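Enquirer: There's a structure below that I have some questions on.
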Amino acid sequence: MSVGHYENFPVASLLLPKPLRLPVGVIYRFARTADDLADEGDAPAAARLTALDACRAELDRIEAGASPDTPLFVDLAGVIRAHRLPVALFRDLLDAFSQDVVKHRYATFAEVLDYCRRSADPVGRLLLHLFGAARPPNLARSDAICSALQLVNFWQDLAVDWRKGRVYVPQEDLDRFGVSEAQLGAEDTGGGFRALMRFEVARTRAMLESGAPLATSLPGRVGLELRMIVQGGLRILDKLSAVDGDVFRHRPVLRALDWPLMAVRAAAMRRAPRSA
């Protein structure tokens, strides 16, 4: 599903069972629309926060059983009610997008993970609710996958985010490897920069692989979709390693030839005993 944005991973793809494509697509539209309110265009911070507050007001109406005011939220209300989705997960996404407006640096990795808990993990949890598989072991593995995918995006887009005034690499990691923000601004990969990126890639890969058993435990086309998503994340990490972290000159993206390779690797993932 495309709304004019580059995407690493399939969203509401044909791999999903047909009855799930519409609700997944509506959830994606909500997340993309709210993210764009926080991130796109030239609106001042106050206007962005006001727009996100309007989204919260729509969620309030849905939660109260009232009719939303906008078409997107009318569609979202139908999905939430039909599938009994937790509204709190949509609020978490809005909180993360609002944080992007006002917070541009992260002191520790724990702070970054707290952001991922609200910016990425809710999507995986919502999908598990749709799949009827929102049990604690599955939720924990989904969180690992989603947080890891968010981190993949951070490392991949380090240069893009810098131009927006944001640094998601934890300050403690920059200090540990002796990398300054001036060095990031100069697109200088010398000193400890490459070691820093190798560290972040390895940590992210371990997190993604820790959640991967979920992709082999969910059945049918849902499981295949998730295996493709996992393989997409791993492929970007491979590309980051191949350029030794130099995202300034070689931003890694998935290209046409990557998808058959990902499909082969997704099919080859060993099937674990089901927990769903």
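The values are calculated or read from the model by the stated rules, or taken from the named source; none is laboratory data. Only a predicted model underlies this, so the values are computations on that prediction, with no experimental measurement involved. FYI the Cβ positions are ideal-geometry reconstructions off the backbone, even for glycines, and counts take in every protein chain you see. All accessible areas refer to the heavy atoms of the entire protein, side chains included, with ligands and DNA or RNA removed. Shrake-Rupley method; radii C 1.70, N 1.55, O 1.52, S 1.80 Å.
Enquirer: How many of the residues making up the range 75-122 are in contact with an Asp or Glu (Cβ under 9 Å, 6 or more places away or on another chain) and acidic (Asp, Glu)?
Expert: Residues flagged as in contact with an Asp or Glu (Cβ under 9 Å, 6 or more places away or on another chain) and acidic (Asp, Glu) within the range 75-122 amount to 3.
This table checks each residue for (1) open to solvent by 10 Å² or more (accessible area, probe 1.4 Å); (2) of a type outside the set (Gly, Ala, Ser); (3) touching a residue at least 40 places away in the same chain (Cβ under 8 Å).
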residue: Glu111; (1), (2), (3): yes, yes, yes
residue: Arg117; (1), (2), (3): yes, yes, no
residue: Ser142; (1), (2), (3): no, no, yes
residue: Val152; (1), (2), (3): no, yes, yes
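Enquirer: Would you call Asp92 at pLDDT 95 or above, open to solvent by 30 Å² or more (accessible area, probe 1.4 Å), in contact with a Lys or Arg (Cβ under 7 Å, 6 or more places away or on another chain) and under 30 Å from Leu22 (Cα atoms)?
Expert: Yes: the conditions hold for Asp92.
Enquirer: Yes or no: Leu234 assigned to a helix (DSSP H, G or I), of a type in the set (A, V, I, L, M) and buried (at least 21 other Cβ atoms within 10 Å of the Cβ)?
Expert: So Leu234 fails the test.
Enquirer: Report the residue count in the range 47-89 for those that are of a type in the set (Gly, Ala, Ser), open to solvent by less than 70 Å² (accessible area, probe 1.4 Å) and either over 24 Å from Val102 (Cβ atoms) or over 22 Å from the mean Cα position of the chain (by Cα) (or both). Don't jump to the end; show me each part of the working.
Expert: If we filter the range 47-89 for residues that are of a type in the set (Gly, Ala, Ser), which is where we start, we get 47, 51, 54, 57, 64-67, 77-78, 82, 88.
Restricting the remaining residues to those that are open to solvent by less than 70 Å² (accessible area, probe 1.4 Å) gives 47, 51, 54, 57, 65-66, 77-78, 88.
Then drop every residue that is not either over 24 Å from Val102 (Cβ atoms) or over 22 Å from the mean Cα position of the chain (by Cα) (or both), which leaves 47, 54, 57, 65-66, 77-78.
Result for the range 47-89: 7.
Enquirer: Of these, Ala12, Ala31, which one is at pLDDT below 85 and either closer than 18 Å to Leu127 by Cα or in contact with a strand residue (DSSP E or B) (Cβ under 7 Å, 6 or more places away or on another chain) (or both)?
Expert: Details: Ala31 fails: at pLDDT below 85.
One residue alone meets the criteria, Ala12.
Enquirer: I'm trying to understand the selection: among the residues of the range 157-175, which are in a helix (DSSP H, G or I) and of a type outside the set (S, T, N, Q)?
Expert: Leu158, Ala159, Val160, Asp161, Trp162, Arg163, Glu172, Asp173, Leu174, Asp175, listed by residue number.
Enquirer: Which of the residues that make up the range 189-222 are of a type in the set (Lys, Arg) and under 19 Å from the mean Cα position of the chain (by Cα)? Steps first, answer last, please.
Expert: Step one: filter the range 189-222 for residues of a type in the set (Lys, Arg), giving 194, 198, 203, 205, 221.
Of everything in the range 189-222, those that are of a type in the set (Lys, Arg) and under 19 Å from the mean Cα position of the chain (by Cα) turn out to be Arg203, Arg205.
Enquirer: Would you call Asp42 part of a helix (DSSP H, G or I) and surrounded by fewer than 21 Cβ atoms within 10 Å (Cβ to Cβ)? Please lay out each step first, then the result.
Expert: Working: part of a helix (DSSP H, G or I): no; surrounded by fewer than 21 Cβ atoms within 10 Å (Cβ to Cβ): yes.
So Asp42 does not fit the description; no.
Enquirer: Another one. What do you reckon, is Leu126 surrounded by 22 or more Cβ atoms within 10 Å (Cβ to Cβ) and touching a Leu at 6+ places or on another chain (Cβ under 7 Å)? Give the steps one after another, and end with the answer.
Expert: Details: surrounded by 22 or more Cβ atoms within 10 Å (Cβ to Cβ): yes; touching a Leu at 6+ places or on another chain (Cβ under 7 Å): yes.
Against the criterion (surrounded by 22 or more Cβ atoms within 10 Å (Cβ to Cβ) and touching a Leu at 6+ places or on another chain (Cβ under 7 Å)), Leu126 qualifies.
Enquirer: Taking into account only those residues within the range 188-228 that are β-branched (Val, Ile, Thr) and assigned to a helix (DSSP H, G or I), which is surrounded by the most Cβ atoms within 10 Å (Cβ to Cβ)? Let's see the steps before the verdict.
Expert: We begin by selecting, within the range 188-228, every residue β-branched (Val, Ile, Thr); these are 189, 201, 204, 216, 222.
Still in the list and also assigned to a helix (DSSP H, G or I): 201, 204, 216, 222.
Working: Val201: 21, Thr204: 23, Thr216: 18, Val222: 21.
Checking each candidate, the answer is Thr204.
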